[in-house]
Amino acid sequence: MLILAILLMPVMSGFSQSKDSLTVASIIKEATENSELEKLAKELLYGIGPRLVGSPKMQQAHDWAISRYGGWGISARNEKWGEWRSWERGITHIDMISPWVKSLEGTQLAWSPNTGGKSITAELIIIPDLADSLAYQQWLPNVKGKFVLISMKQPTGRPDYNWQEFGTKESFEKMKKERTEQTEAWRKRISKTGLSNKNLAMALEKAGAVGIVGSNWSSGFGVNKIFDASTTKIPTVDIALEDYGLLYSLTESGKKPTISVRADSKELGMVPTYNTVAEIKGNEKSTEYVMLSAHFDSWDGATGATDNGTGTLVMMEAMRILKKIYPNPKRTILAGHWGSEEQGLNGSRAFVEDHPEIVKNIQVLFNQDNGTGRVVNISGGGLLHSYDYLGRWLAKVPSGYKQTLETRFPGSPAGGGSDNASFAAAGVPAFGLSSNSWLYFSYTWHTNRDTYDKIVFDDVRNNAILTAILVYMACEDPAYASREKIVLPVNPRTGEPGKWPEQKSPTRKGGAN
Ligand SMILES: [Zn+2]
């Protein structure tokens, strides 16, 4: 028996090696020849659009995912984890009426009040530079009946890389110096009101302003970041840098421009909010899980194409491929499409809290959430033996799909940023698949330009292949991935020993105040 076993061993491992190679080849073939990425992207980003937590579109997206999974023979469910104030964007028109007419490029911020079914036309006023909070209290009545400009006018609409390429070194340096001084002066101006941004908006509303106008430039051509409003009765809009500069200058020079704003958003009360969870049952170790993860929600200045449409596409496409090529995995494969990541990892934190029986049996989790680019970075997340298994699984990925991939072991635990942090806090080997930037932070992240046309499908396809192979390897691995943590280094600032990030509870009832 002993001799037989020894003789069999190379044959067995030879068999499993060729089985792995065949599966990997089939995954690549399926992803390349029968890709559904473009189709899924069109349905999600053009057909549905933005996915703000609690909005009807978020619900539509959850239902769409269930139906797509169903079409591939994969069971999927929407799991309720909380409720949120439901807001639906309507038609918005923002126009300059005088001293000349121009339609302005602007966006009503999420959860901003509407304009009551009519257009509001009024003059503008700039937050002035006053001595202190008392002076601001005395000034406040001046905003009555006016739109208030609350952002600094940017000195240039050209991104730094453009100055660097075409400007002289001197003019670039001069611009940066002036901009830094101006930004600092504006920060002081706002701080002298004695109010936070949120409380300032509320104070302006209370003093009778008819609307708040800001401009949150994202340091690139034509890009602004679009978040949520702090007002409860009057509309808040963001205006593109170019148009904001126009309004600001005309106001500053006493030309008394007027603008007209109409915003027809709807309030739909509190609604249940969900995660979509898809599942391919394991046949040998069905109570152990290999998990794919990507948040499903977005901000709604655009359509959330790269935050996190692309992460969503990667995970759905990987699931589709796995179901076709590897329909009977050893471990159960789960895909988590989380709700409300943008307001604080809420969907994934809720899943971790609600499913301790799953969380303690997760072999590994892969999350993707930083844009359309190829995965170029994986960190071991502070797990002592992460190199062993990640290294083993990555070894099976053909070199063409990991050409620019760098790994860092053992790395340090994710404290936040995306949903892998929710799982890492609970001790799960949860890793972020980190993408090449494509100028993500200036051009698409939370901006009005995060749209389908920014997707680089070859890179997304690369990531779907990489993910599917890693998931396959993690399912097949006879060993259960070690969760042993490194001893974290002493915090140089406090001198205290490093602490593993703590598991946090989600906000289960959002936007209600
Ligand atoms: Zn994101």
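Specify the residue that is surrounded by the most Cβ atoms within 10 Å (Cβ to Cβ); the eligible residues are those in the range 148-169 that are polar (S, T, N, Q) and under 19 Å from Ile239 (Cβ atoms).
Per the criteria, the residue is Ser151.
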Among the residues of the range 366-374, are any more than 19 Å from Asp458 (Cα to Cα) and more than 16 Å from the ligand (Cβ to nearest atom)? no
Checked the range 457-477 for anything open to solvent by 10 Å² or more (accessible area, probe 1.4 Å) and in contact with a helix residue (DSSP H, G or I) (Cβ under 9 Å, 6 or more places away or on another chain); matches are Phe457, Asp459, Arg461, Met473, Glu476, Asp477
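With respect to Val364, is the statement that it is over 18 Å from Thr287 (Cα atoms) and surrounded by 21 or more Cβ atoms within 10 Å (Cβ to Cβ) true? Outline the logic, then answer.
Details: over 18 Å from Thr287 (Cα atoms): no; surrounded by 21 or more Cβ atoms within 10 Å (Cβ to Cβ): yes.
The answer is no for Val364.
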With the first residue restricted to the range 339-364 and required to be away from the ligand (no atom under 16 Å from the Cβ) and outside any helix (DSSP H, G or I), and the second required to be open to solvent by less than 10 Å² (accessible area, probe 1.4 Å) and small (Gly, Ala, Ser), Cβ contacts under 7 Å at 6 or more apart or on different chains are Gln363/Ala474; Gln363/Ala481; Val364/Ala474; Val364/Ala481
Practice item. Might you let me know whether the range 402-420 holds any residue that is among the hydrophobic types (A, V, I, L, M, F, W, C), closer than 27 Å to Arg51 by Cα and surrounded by 15 or more Cβ atoms within 10 Å (Cβ to Cβ)? Key: yes
If we keep only residues of the range 338-356 that are in contact with a strand residue (DSSP E or B) (Cβ under 8 Å, 6 or more places away or on another chain) and open to solvent by 20 Å² or more (accessible area, probe 1.4 Å), then the residue farthest from Ala61 (Cα to Cα) is Asp354
When every residue in the range 77-106 that is open to solvent by 30 Å² or more (accessible area, probe 1.4 Å) and aliphatic (A, V, I, L, M) is compared, the one farthest from Thr507 (Cα to Cα) is Val101
Filtering the range 53-108 down to residues that are in contact (Cβ under 8 Å) with a residue 24 or more places away in the chain, polar (S, T, N, Q) and under 30 Å from Ile239 (Cα atoms) yields Ser55, Gln59, Ser86, Thr92, Ser98, Thr107, Gln108
Scanning the range 107-145 for residues that are over 35 Å from the mean Cα position of the chain (by Cα) and of a type in the set (Phe, Trp, Tyr), the one surrounded by the most Cβ atoms within 10 Å (Cβ to Cβ) turns out to be Tyr136
Please indicate, with yes or no, whether at least one residue in the range 470-488 is within 21 Å of the chain's Cα centre (by Cα) and either of a type in the set (Gly, Ala, Ser) or not in a strand (DSSP E or B) (or both). no
Going through the range 315-332 in order, the residues found to be more than 27 Å from the chain's Cα centre (by Cα) and in a helix (DSSP H, G or I) are Lys324, Ile325
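Select from the range 427-456 the residues that are over 21 Å from Ala240 (Cβ atoms), open to solvent by less than 30 Å² (accessible area, probe 1.4 Å) and away from the ligand (no atom under 12 Å from the Cβ) and write down the one among them that is farthest from the chain's Cα centre (by Cα). Give the steps one after another, and end with the answer.
As a first pass, look at the range 427-456 and keep what is over 21 Å from Ala240 (Cβ atoms): 427-438, 455-456.
Keeping just the survivors that are open to solvent by less than 30 Å² (accessible area, probe 1.4 Å) gives 427-433, 435, 455.
Keeping just the survivors that are away from the ligand (no atom under 12 Å from the Cβ) gives 427-431, 433, 455.
On the way: Gly427: 23, Val428: 21, Pro429: 21, Ala430: 17, Phe431: 16, Leu433: 14, Ile455: 15 Å.
In this case the residue turns out to be Gly427.
For the condition charged (D, E, K, R), open to solvent by less than 20 Å² (accessible area, probe 1.4 Å), touching a residue at least 12 places away in the same chain (Cβ under 8 Å) and out of contact with any Cys (no Cβ under 7 Å at 6 or more places or on another chain), what is the one hit in Asp264, Asp228, Asp238?
Numbers: Asp264 fails: open to solvent by less than 20 Å² (accessible area, probe 1.4 Å); Asp228 fails: open to solvent by less than 20 Å² (accessible area, probe 1.4 Å).
That would be Asp238, the only listed residue that is charged (D, E, K, R), open to solvent by less than 20 Å² (accessible area, probe 1.4 Å), touching a residue at least 12 places away in the same chain (Cβ under 8 Å) and out of contact with any Cys (no Cβ under 7 Å at 6 or more places or on another chain).
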Just wondering, is there one or more residues in the range 377-390 that are away from the ligand (no atom under 16 Å from the Cβ), open to solvent by 10 Å² or more (accessible area, probe 1.4 Å), in a strand (DSSP E or B) and in contact (Cβ under 8 Å) with a residue 60 or more places away in the chain? no
Result of the Cβ filter at 8 Å on the range 418-439, keeping first residues that are within 21 Å of Lys454 (Cα to Cα) and partners that are open to solvent by less than 10 Å² (accessible area, probe 1.4 Å) and away from the ligand (no atom under 16 Å from the Cβ), at least 6 apart or interchain, is Leu433/Ile378; Leu433/Leu466; Leu433/Thr467; Ser434/Ile378; Leu439/Gly220
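Can you work out which of the residues in the range 276-321 that are more than 21 Å from Thr372 (Cα to Cα) and crowded, with 24+ Cβ neighbours inside 10 Å is farthest from the ligand (Cβ to nearest atom)?
Here the answer is Ile280.
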Meets criteria (of a type in the set (Gly, Ala, Ser) and either open to solvent by less than 10 Å² (accessible area, probe 1.4 Å) or part of a strand (DSSP E or B) (or both)) for Ala335 = yes
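Out of the residues in the range 241-261 that are open to solvent by 50 Å² or more (accessible area, probe 1.4 Å) and either part of a helix (DSSP H, G or I) or at pLDDT below 95 (or both), state the one that is farthest from Arg320 (Cα to Cα).
Residues of the range 241-261 that are open to solvent by 50 Å² or more (accessible area, probe 1.4 Å), as a first pass: 242, 252-256.
The next check asks that each one be either part of a helix (DSSP H, G or I) or at pLDDT below 95 (or both); those that pass are 242, 252.
Values: Glu242: 44, Glu252: 57 Å.
Residue satisfying both the conditions and the ranking: Glu252.
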Restricting attention to the range 15-73, the residues that are of a type in the set (Val, Ile, Thr) and in contact with a strand residue (DSSP E or B) (Cβ under 6 Å, 6 or more places away or on another chain) number exactly 2
The residue that is farthest from Thr312 (Cα to Cα), considering only those in the range 30-49 that are open to solvent by 50 Å² or more (accessible area, probe 1.4 Å) and among the hydroxyl-bearing types (Ser, Thr, Tyr), is Thr32
Taking the range 391-426 and the residues there that are more than 21 Å from the chain's Cα centre (by Cα) and aliphatic (A, V, I, L, M), the one that is nearest to Gln368 (Cα to Cα) would be Leu405
Here the residues within the range 322-334 that are basic (Lys, Arg) and either touching an Asp or Glu at 6+ places or on another chain (Cβ under 9 Å) or within 16 Å of the ligand (Cβ to nearest atom) (or both) are Lys324, Lys330, Arg331
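The values are calculated or read from the model by the stated rules, or taken from the named source; none is laboratory data. Keep in mind it's a predicted model, so treat the numbers as computed, not measured. Every residue, glycine among them, receives a Cβ derived from its backbone with ideal geometry; neighbour counts consider all protein chains shown. In case anyone asks, the SASA skips ligands and DNA or RNA and just uses the protein heavy atoms, side chains included. Shrake-Rupley method; radii C 1.70, N 1.55, O 1.52, S 1.80 Å.
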